[in-house]
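What follows is calculated from the coordinates using simple rules that are stated; it is not laboratory data. Computed from a prediction, not measured in an experiment: that's the story for all the values here. FYI the Cβ positions are ideal-geometry reconstructions off the backbone, even for glycines, and counts take in every protein chain you see.
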Amino acid sequence: MKFEEDKKIEDIGKMTGYLTGYFLFTTMLFFVLMLTEKMPVGWNYLYMMGITLLIMLTGEGLKRILK
């Protein structure tokens, strides 16, 4: 009998880790910019989420292009 590994659990774990890292990085960036007063007036957490999402998508795109 051959037993295959459960890929669903592995995929869920990777996605959970990726999202946790994303929100952790976004939160740290937000607080660092807020405490150093480098963030433009009127910006909130959603703007930081957009910026980090753009960084993430750029990185993924470059990874696919270079592959």
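Spin-label model, Lys63 to Thr27: label points 7 Å out along the Cα-to-beta-carbon direction sit 2.2 nm apart. Packing around the peptides 15-23, 28-36, 48-56, taken as the average count of other Cβ atoms within 10 Å per residue, puts them in this order, highest first: 48-56, 28-36, 15-23.
With θ taken as phi - 60° and the Karplus curve 6.51 cos²θ - 1.76 cosθ + 1.60 applied, the whole-hertz 3J(HN,Hα) list for the range 17-26 is x, 5, 5, 5, x, 4, 5, 5, 5, 4 Hz, x standing for glycine and proline.
Across the range 54-67, rounded Karplus estimates of 3J(HN,Hα) from the backbone phi angles (6.51 cos²θ - 1.76 cosθ + 1.60, θ = phi - 60°) give 5, 4, 5, 5, 5, x, 5, x, 5, 5, 6, 5, 6, 6 Hz, Gly and Pro being marked x. Among the GluC sites (Glu not before Pro) found in the chain, those both in a DSSP coil and sparsely packed, with 13 or fewer other Cβ atoms within 10 Å of their Cβ, are Glu4, Glu5, Glu37. Full extension of the chain segment joining Thr16 with Tyr47 gains 8.9 nm, where the gain is 0.36 nm per residue of separation less the Cα-Cα distance. The Cα center of the range 1-45 and the Cα center of the range 48-66 differ in position by 13 Å.
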